[in-house]
């Protein structure tokens, strides 16, 4: 595993170093600011800018990978809702569609399948609510299924083509994405329990510790890009 990680670090030289510097600076700045002042508005703006730049980067570097662009676009839309508004359910719903586009590009599914995916999500969500499941838990369950499916698909791609830098980015990116979502879940649950609020600040910090690098890696995970294996 160590040898593989070192190999991936060697191949990262194929990433534009200007972008690499930008990612590192943004990441270091908001992690530091989150320790000093977690509620500072500038930190939130910096995080949001970082996610926006992931979309810009992917559009610049992998313009032909339409499904990746749409996945990152829906991710940005979800973050826009979750970061700047109090509406959790629409935000998680947008994340579901971001995951759909990742599934579509990993499995070569036709984009028209989005209609079927929309119906399935709606029906499962409606069935859950009718059964008395709180709406946020119903949509969170659907989202969790999609993100774990993408992790499984990324693992399959990585095992099939271990020397592919983009496959490595998908693999590590979705591992970090799942870690982030686990922390989001812990943060949400801890906010509902007075005793568990001790966990809240730690989970909140770890969310972006995992989330931002996951999006940077995923923005480099195009499966239609030419790959160098040197």
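Overview of results
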read-out: Helix-derived mean residue ellipticity, 222 nm - over the chain, DSSP H n ≥ 4, -39500 (n - 2.57), to 500; value: -26500 deg cm²/dmol
read-out: Cα-projected label distance for residue 84 with residue 56, points at 7 Å along beta-carbon direction, nm; value: 1.5
read-out: Descending semi-axes in Å of the chain, equivalent ellipsoid built from Cα gyration tensor; value: 28, 24, 16
read-out: Segments 57-66, 43-52 sorted - mean Cβ within 10 Å per residue, highest first; value: 43-52, 57-66
read-out: Residue-span extension gain [residue 17 to residue 156] - 0.36 nm each, minus C-alpha spacing; value: 47.2 nm
read-out: Gyration tensor verdict on the stretch 97-205 (Cα atoms; rounded if a/c is under 1.5, prolate if a/b is larger than b/c, oblate otherwise); value: oblate
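None of the figures in this text is laboratory data; all of them are computed from the coordinates on show. These figures come from a predicted structure and were not determined experimentally. Methodologically, a virtual Cβ is constructed for each residue, glycine included, from the backbone with ideal geometry; neighbour enumeration extends over all protein chains shown.
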